[in-house]
Amino acid sequence: MLPARENFLIMLEARLKQQLQARKDAQAYRSRFIVDGPQGVELQCEGHKYLNFCSNDYLGLASHPAITRAFVEAANTYGVGSGAAHLVNGHSREHHALEEELAAFTGRERALLFSTGYMANMGVISALCAKGDLVLEDKLNHASLIDGALLSRADFQRFTHNDVEHAQQRLQKSSAELKLVVVDGIFSMDGDLAPLDKLSALCKKQHASLMVDDAHALACAGASGRGSCEIFNLTRDDVPILVGTLGKAFGTFGAFVAGSETLIESLIQFARTYVYTTALPPAVAAATRASLRLVQEENWRREKLTSNIRLFREQSAREGWALLPSESAIQPLILGDEAKALEVSKKLRERGIWVSAIRPPTVPKGSARLRITLSAAHEQTHILRLLEALRESL
Ligand SMILES: Cc1ncc(COP(=O)(O)O)c(C=O)c1O
């Protein structure tokens, strides 16, 4: 008989091996590739060069020289590490200036930086809601929004994707005093827009608050990059809690929440993922300030992205491929079966094109897909090469 501790470790290893095998059997096993060099249209990976159609660098800013320069200059001034949490002594002038600029950009009273979007979503929902409250989310919301609701211990309910009537029924049935409706502005795996105009009207009617995670829309959607609120012409009264991430179209890293003075002060006091974590490196904040300037000055990036999206959709429709109703940089091609999605992704890679296969549990069973993402940095010739490779691989 083994001693109890060793026994436990053997049992744990056995259980983990079983879970890993089950994941392999379901064609859902995930692995990493090692990238050498910057994010861009061309990606260097494990000795090969690929045309990149799966990063979230929608405006082509992740390796922009002016942003890199701002990063290096700030690192020379501040060093690398922020040293502590914002509430200890990690809150630098670069962080503070970025918060003020993001508040102005989004037209909100204040903004607050978080170290990642995952932490922002977990922190906001769990700080604002508690047992007895209702958190109502779209079924296709990002994992961080779901985890935030679970962490809050509120009554957590979901409504059918983009089904405002279903959301209304759920709100009407709830007797909770505080109701928070939470949606992605643009859905991360489907690329479609939430019906924010209808949801904000519903929330007003039902005395609920609306929180929008605009990770895939801010900077790259809306004529001036102000995201899904701009598309629907919605104000801060319509969407009082706005989350943005900085690691996607802004091309850097981190996230922020924008809203009223009271909201932001409450998050500073009560959002545990804000209070109990190290602040972003100040150089990342400085780089994001440079990025925010480009986002506001260079409309051509959004225009080029829009024309790339149009070209891809028109040509795909001609091929008879069933694209989802997405006008965004995210253009998924549903293949259904996990094995099929992996096979097509591999064939594309053999043709020098990188598009990742997205499988359950990230997306619902039976909807494994290629998540094709377009960028302002793509030229028409790149998109034509992607279309050609898809023709040969599907
Ligand atoms: C909609 C959405 N929200 C939040 C996040 C998390 O942001 P971050 O990568 O900064 O943690 C992501 C993806 O990463 C996302 O797609």
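Here are a few things to note about the model shown:
- Summed over region 134-172, the residues that are acidic (Asp, Glu) and touching a residue at least 24 places away in the same chain (Cβ under 8 Å) give a count of 3.
- On the stretch given as region 163-180, residues that are closer than 30 Å to GLY336 by Cα and buried (at least 23 other Cβ atoms within 10 Å of the Cβ) total 1.
- Subset tally (residues that are under 18 Å from ASP192 (Cα atoms) and more than 16 Å from the ligand (Cβ to nearest atom)) for region 143-164: 4
- Filter result for the condition that a residue is surrounded by 15 or more Cβ atoms within 10 Å (Cβ to Cβ), closer than 30 Å to GLY123 by Cβ, of a type in the set (A, V, I, L, M) and touching an Asp or Glu at 6+ places or on another chain (Cβ under 6 Å), over ALA329, ALA286, ALA279, ALA290: ALA286
- For region 241-258, the criterion of being away from the ligand (no atom under 16 Å from the Cβ) and in a loop (DSSP other than H, G, I, E, B) is satisfied by no residue at all.
- Any chance ARG236 is surrounded by fewer than 24 Cβ atoms within 10 Å (Cβ to Cβ), in a loop (DSSP other than H, G, I, E, B) and in the same structural domain as GLU100 (by TED's automatic domain parsing): yes
- The listed residue being of a type outside the set (Gly, Ala, Ser) and under 21 Å from GLY244 (Cα atoms), out of VAL135, VAL88, VAL80, VAL72: VAL135
- Applying the criterion of being assigned to a loop (DSSP other than H, G, I, E, B) and surrounded by fewer than 23 Cβ atoms within 10 Å (Cβ to Cβ) to the residues of region 192-213, the residue that is nearest to the chain's Cα centre (by Cα) is ASP192.
The values are calculated or read from the model by the stated rules, or taken from the named source; none is laboratory data. No experiment lies behind these values; they were computed from the predicted model shown. Positions of Cβ are generated from backbone atoms using ideal geometry, with glycine treated the same way; all protein chains shown enter the neighbour counts.
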